[in-house]
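The values are calculated or read from the model by the stated rules, or taken from the named source; none is laboratory data. These figures come from a predicted structure and were not determined experimentally. As a convention, Cβ positions derive from the backbone with ideal geometry for all residues, glycine included, and neighbour counts pool all protein chains shown.
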Amino acid sequence: MGPARPPQGLVVDRMTVDGEELLVFEWTSEPTAPPADLSSAEADVLARLARGQSNAEIAKARKTSARTVANQVASLLRKTGASSRFELIRRFVGTRL
């Protein structure tokens, strides 16, 4: 019998930090399409988040306030069920925004 394989969707990686070997576990998932009910502004904000832009950078590019962008990000989190900006981006990276 060979070594056990991790469950599908679980990525296990080894890394060394300060001479200590660590195992890093990450659940992966296939990117999914964004919800159909996103406004054009929300879709644009999501695309800009995926490019690593901050709320301030997005606001400047969209000629709006950082507060408006924060509200759009909150709406994106609510509509998608994501719990963080990172999860939001991870879910939709690789999809056409």
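Inside segment 61-83, residues that are in a loop (DSSP other than H, G, I, E, B) and at pLDDT below 90 make up a count of 3. Scanning segment 84-96 turns up no residue that is at pLDDT 80 or above, part of a helix (DSSP H, G or I), touching a Phe, Trp or Tyr at 6+ places or on another chain (Cβ under 9 Å) and surrounded by 10 or more Cβ atoms within 10 Å (Cβ to Cβ).
Scan segment 46-60 for residues that are farther than 15 Å from Ala33 by Cα and either in a helix (DSSP H, G or I) or of a type in the set (S, T, N, Q) (or both) and the total you get is 10. Kindly evaluate Ala43 against the criterion of being modelled with pLDDT of 95 or more and either in contact with a helix residue (DSSP H, G or I) (Cβ under 7 Å, 6 or more places away or on another chain) or assigned to a helix (DSSP H, G or I) (or both). It is false that Ala43 is modelled with pLDDT of 95 or more and either in contact with a helix residue (DSSP H, G or I) (Cβ under 7 Å, 6 or more places away or on another chain) or assigned to a helix (DSSP H, G or I) (or both).
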